[in-house]
Structure formats: structure tokens, C-alpha cells
1. Considering each residue of the range 505-543, count those that are within 26 Å of Ala418 (Cβ to Cβ), assigned to a loop (DSSP other than H, G, I, E, B) and among the hydrophobic types (A, V, I, L, M, F, W, C), and give that number.
2. Consider only pairs whose beta carbons are under 7 Å apart and that are at least six residues apart or on different chains; among these, list those whose first residue lies in the range 194-220 and is over 13 Å from Ala238 (Cα atoms) and whose second residue is part of a helix (DSSP H, G or I) and of a type in the set (D, E, K, R).
3. Tally time: how many residues in the range 60-74 are among the charged types (D, E, K, R) and assigned to a helix (DSSP H, G or I)?
4. Can you confirm whether the range 650-670 contains a residue that is on the phi > 0 side of the Ramachandran plot and touching a Leu at 6+ places or on another chain (Cβ under 7 Å)?
5. Considering only the range 528-542, I want to know if a residue exists there that is among the charged types (D, E, K, R) and over 24 Å from Gln661 (Cα atoms).
6. Does the range 47-84 hold any residues that are touching a residue at least 40 places away in the same chain (Cβ under 8 Å), in contact with a Leu (Cβ under 8 Å, 6 or more places away or on another chain) and over 16 Å from Val171 (Cβ atoms), and which are they?
7. Look through the range 487-535, keep the residues that are of a type in the set (Asp, Glu) and modelled with pLDDT under 90, and return whichever of them is surrounded by the fewest Cβ atoms within 10 Å (Cβ to Cβ).
8. For the range 614-633, give me the residue count where each residue is in contact with a strand residue (DSSP E or B) (Cβ under 9 Å, 6 or more places away or on another chain) and not charged (D, E, K, R).
Amino acid sequence: MSNLASNSTNVANQSAFYLNTKNTWLLPDGVVDLLSTEAVKQETLRYQLTRILISHGYEFISPPMIEYTESLLGYASEDVKLQTFKIIDQLTGRLMGVRADITPQIARIDARLHNNQDTSNPAKSISRYCYAGHVIYTMPKGLFGSRTPLQLGAEIFGTDSLASEVELLDVLFTLLDSTDVIARSHIDIGHVAIFQQLCQLAGVPTHLQEKLIELYANKALPELKLLTSKMSQFGELANDFYVLGEAGNDLQKLSERLSSQAKHDAIIAKALSDLTYLVSYLEEHWDANVSVDVTGLGYHYHTGVVFNVYVADESLPLIRGGRFSNHFHHEVDNTDAVRSGVGFSCELNRWQNHIQVHEQPFTVVPYSHVQTILHVPNHPDAPALKQAIDQLGYQTLTPIQAQILPNTLAGQDAIGQAQTGTGKTATFLLTIINELLNNPLNPEVDGDRFLGETRALVLAPTRELAQQIYQDCLELTKFTKLHTVCLLGGTDYDTQSKQLHQKFVDIIIATPGRLIDFCFQHHVYLDRLEILVLDEADRMLDMGFIPDIKRLIRMMPANTHRQTLLFSATFNQDVMNLAYRWLYQPIFVEIAPEQKTSQNIEQLFFTLMESDKLAALQQIIEKISPKKMIVFANRKDQVKRLYDKLNRQYKVVILSGDVIQAKREKYLAQFRQGDANILVATDVAGRGIHIDDVACVVNYTLPDSPDDYVHRIGRTGRAGNKGMSISFISENDGFNLPAIEQYLDESIKMQQWSNDTRFLED
């Protein structure tokens, strides 16, 4: 094949609609693009810290980005209100706010939940929350501050015990320690109640309190001394306000110099005692660098212990936190009071500047070592499993298998991020088979077993993927006595039911909808499930299967009493929320390919009018006469029209959501065997279909998702073969191209399609 045209020629040939999408926007001050390295670092940090918080019993919640201002700002301070963007809801005409702080949202959620609960048992009313999400500021904080930081925090509600401060600080220092910044950090700790109680005892008016707070913040001791010298109306307490500023960093000195009235006040005495204990605790248990400042008064809602964590030489605190009391009410609805509690928050975009993210090394492990990994040497079926592995010709473990298998075979939950073709199917199947063979059920211990009561379950988003997993499972278990059943929609219900009742089922591979049908008909029981696998979790989310999966999980043992494995090609916040909810203290393994697309695939892009696509496709078919070709379109109606047009001249089969399962399997068999050489399909064929000799993939319409583009063209260039992908770009789908280009992190070169295009003949 000839090389593509030069850069200048390609630029000249680019259509106007594409050119107009490039470099036509500017970002506001304080708003930046987070590109590859830093984006990965931030996401890695977010996941690592939230996982630690969840493992410590903090419930992960994700409030919305926008709310009506009455709700969003009801618990917010004045500075947060000034930092909040306001917009008009086009549906209702009401004023909405874009959050500038997540903490008030957490307070709202807890207040509403608490008011609907029985709190007769105080211990059970304690709630722990954590969160991570973006906030938006009207003005950046600092000269180079971000207006769109990623905020992470944790809160404990429902207790005013000092033990909650100790717990939260323990968790906080665990986070610092996990990122290796603890040695370069120090904590500044104070207690708001000392100043507040002095003001209460003396009856200091609000305007004078604000003046004192300003002087404390600026460390303006001369001005503070002058002001307090004029406060003789407050008696001996007047000098205490100067003592706070002058001796507030030395607890012993402060206790000695306070007036007799202040020393003997119960609230002030307890505050000093609490501070002394916390300083001693942090120094002893964490070897922390601790300083004291009782004039560090935190936010307006803080009422007790406050703290700031600084890292390296930064002047602004990396982490802020403190105690708040239950006297603070919502401005609109006073029935929803914020419960007493303690919390902290930070900006991860600043934290990530102090850490390094190390890439996982590429590991190759001979499959001969599987005998030492699979813990079944004494089981009678062990040789049978080894025989299946040898027959399949496995020689080495893939990177994801090498990193995950030692953990999953030990029974640990795991999250795997890897693209199609990385060996993740074998990863979870080997884990399942190992567990079932190594731990056979004993009726004397485990009780009676019922037909349809499966030990392992694999859920897949599409019938094709489920069928592929089923075939792989049969290959690995064919020399064992394990019984596997595949439950798919579009196939005969009675036939599948008979398979369930032939004998005890060990492994079920299913799509969510059909499995729910069998569960509700009492043909399948999940109450003693041992292993759950969720494959292509991102795809399940996109296809709307999550409510079905939630219903199924409610039928299963708790995540602490089953092993759960989750695999996904991509991980966004929604997928991670699912992982946090359904898995128990999982390990995370990410295998990122050096390139998102195989070097064996030549990618070609042609601009043309929508009306010219069919003729161009027919010309391609005639010129290259492919042994096997897949033509992708976005919609079922597009696929149907293409099939009707091409079927008049070529051997064509069709695959879409409208095709019943029996015909899907028939058509795929015809395509694999070469009885048909063209497959016209929606993205239902983009995942889970492994056919090694596909010579060419044509994107008749560009997919809406860049990830789908990668999966589509990944159907060719497999098993070391060369492949070619051809993408049509018209006025109807060209707007998808910049996203694909950004996702691939490479410049896409385009050619103008013409009837005399000769590259196919070279």
C-alpha cells in the first residue's frame, strides 16, 4: 500500500466542519486541561485515598454538582457563598448554584438522614462519610490557584467525643503516610472554643470579635496589644485576648498566663486539656511535627478543635479540618440541624504536586509456573486443569494475570483495568476454577445443596461476550466435573432451564436480564454464591444494566462473605462508585497498553458526503475482496439498510439488537467458517467477539465514544496478523473525530475520498 499524502495535502483536504472544531476555544484564568501524566496521577491519588477512607468505614457519597441555592447554600459560610456561581434553571426559573464546597452538601445529607432515623442508641447514630469531587470557584484562591479543584474529604457526624478527633486524625495521617509526604508535613492545631468562650464570658460584641479575629490572622501583636489595652470594660479578661495572640503557640505558657477566671472556666480548661492530649498523641503515635496556635480559628462553623496540615514549604495549608457543633441550623429549614461532628477537606490537585506515580513494570511469567500459583496440587482434578491449560497452548502469563492472580487465588477482591485481549477472561476463570476445585462442597459441613444453587457467577453486558466467556470456560473445565451453564436472552428458556436441573450447577455465565428472570422463577439461587465476576463494568453502566445488577446483588451474600472481581476497560467516577459499593477492600491492577491501538492495524480516514458512503463501501469491497470484513454503524436501522443493500451482491450477515439470539449465533458461525465474508453490525460486535482472520474493519459511521472506536478496530489485526481499518467521516459524524484524536493522543491524517483512490491496489 502507498503512504498517505503529505501533511499539507491532508490539511488542505480536511473538511471545514473538522477544522472549525480545533483550537477555537480559550480557557479562563484558573482553569486548565489536565493532560495524560497529571490526569493519571490525580486519578491514581483519588482512588488510593478514597479506598483507604472506605476501608476505615467511611461511606462514600457523591452529591450533585448543582443544586437550588436554598439547599446548596443553606449551611454554607459567607465566603463560600461569594465563591459560588449562580445560574438560572431553565426548567423552573429558580436560582441554582454550582458547588464551591462539598462539606455543606454532606451536612445537608446527614441532617436529612438523621432526622428520619431512630437515634435512641447514640452509638448507632454515628455516621461516617467520605467524598471526592470537583468544585468550582468564582475566583481562584491565591495567585496561581485553581478554580476547578478536586476536593476530597471525610466527616464524622453524631458525636462530640474527643475520640472522634483522634480517629479522624489517625485516618488523616494514614492518608499522608500512604503518599510518602508525612515526613515533609507538619500539623498546626488549635481550639476555637477558647476564644469563643472568652468572648462569651466577657460579652464582647460581634464587631469587636471580628476585629480581634483579623488581628490574630495577621499576627499583628502591636495592634492587638493596643486594642486590648482599650478593653478595660471587660475586666481581667481583656488581657486574655492579648495572651491568646502572644502565648497561643505554647500551651503551658498560655495556661500560666490566662486570668484566674479563664483558667477556672470548665470549657476553656477542657479545651486546653484536649489540645495537650492531641499534641502528645500525634507526637507519640505518628512522630508528627506538631505546632499549636489557638488563634487559628478555622471556618465560621468550627466550634472546637481545628487543624491545618502543611506540606514542604507551602504557605497555604494542604488540608483543613475541625469540629463543628450541633447548634448550627439550615437557613431555610431550622428543623434540619447539623449534628455535632468533625471533618477535614483538601484539594487533590495540590496534593498531587508532592507525589510521584510509578508505572507498573511489565511482567512475563511462564505458564509452567501456574502449577505453583494454582493451589490444587492434591486435588484429583488438578491434572485435568493442567491438561486443559497445556492443550490451549498457554505459554506465559499476561501482565494482568501475573499481577492479579496471586491475589485473586488467595481469595482477595480485585479490580482490573485492562483492554480487550489482555487475558482478563482467563484471569477470572482460573480464579473461579481454582476455588471450586480446591474447596469442594461437603454436605456434612455446608448442608444440603439445591439444583440451581450456583457457586460462581459471571455477568457480562452482551450476549456475544457471555457466549465467548462460556466457550472459554468449557475449554478450561472440559477435563473436570464442573458444570457450567450459560443464560442468555433470546434463546430457548426451557432448554436453559433443563441445563440448570440436569445436575448441580457450579458456574453460571449470564446477561443480567435473563438471570433475573431465572431468579424470580426460582430456577437460580444466589444466596450461597462464593464468587461474583462483573466483566466490562463500564459497558454495563452505559447500557443501563446497573439497576438489574443491584437487584441481583441483593440476593447474594454480603461483599464480606463472597469474593468479587470487577473488570473494566475504563474507570470513571461512576464505575468506581460501583466498585466501592460491591467489593470489599479490593486490590487495583491497571494494565495500560503502550498504545491504545495495535501497530498491526493501518488506520485510514476519508472525508466524504453522507450520500457517497454506500458507493465508497462497495468500491472498497470490490477492490480488496476481503476474506472477512466487519462494517460498523451506530444505529440498528443503519445496519438493517446496509444489510439489505449489500446482501443483493455479497455474502453478508447481520448482527444487532434486533436479531434474535438463535440467528445471532447462526450468523456468527457462518462468518467464522467463511460461509459469509461480510458482517454488518452495531457495537454489539465491538466487544467479546474474537475472530482472528478479519482483514478489514470499516466504520461506516464514526462511534460516539472513542473507546468504542478502539474496540471496533481491535476486531482486526489480531493474533499477529496485519489489519486495516477504514473510517468514513461525513457532515453527520465528523464532530466525533476530535474526541477520537484526543483519546488516541495522536494527530489523525485524513484524505478526501474519490472514485479513483488507488491506495487499495498498491
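1. Of the residues in that region, 2 qualify.
2. Correct list of pairs: Leu215/Glu223.
3. The number of residues fulfilling the criteria is 1.
4. Checking the range 650-670: not a single residue is on the phi > 0 side of the Ramachandran plot and touching a Leu at 6+ places or on another chain (Cβ under 7 Å).
5. The answer is yes; a qualifying residue exists.
6. Selection gives Thr84 alone.
7. Among those residues, the one meeting the criterion is Asp494.
8. 11
The values are calculated or read from the model by the stated rules, or taken from the named source; none is laboratory data. Treat the numbers as computed from the prediction; the structure is a model and nothing was measured. Cβ atoms come from the backbone with ideal geometry, glycine included; neighbour counts cover every protein chain shown.
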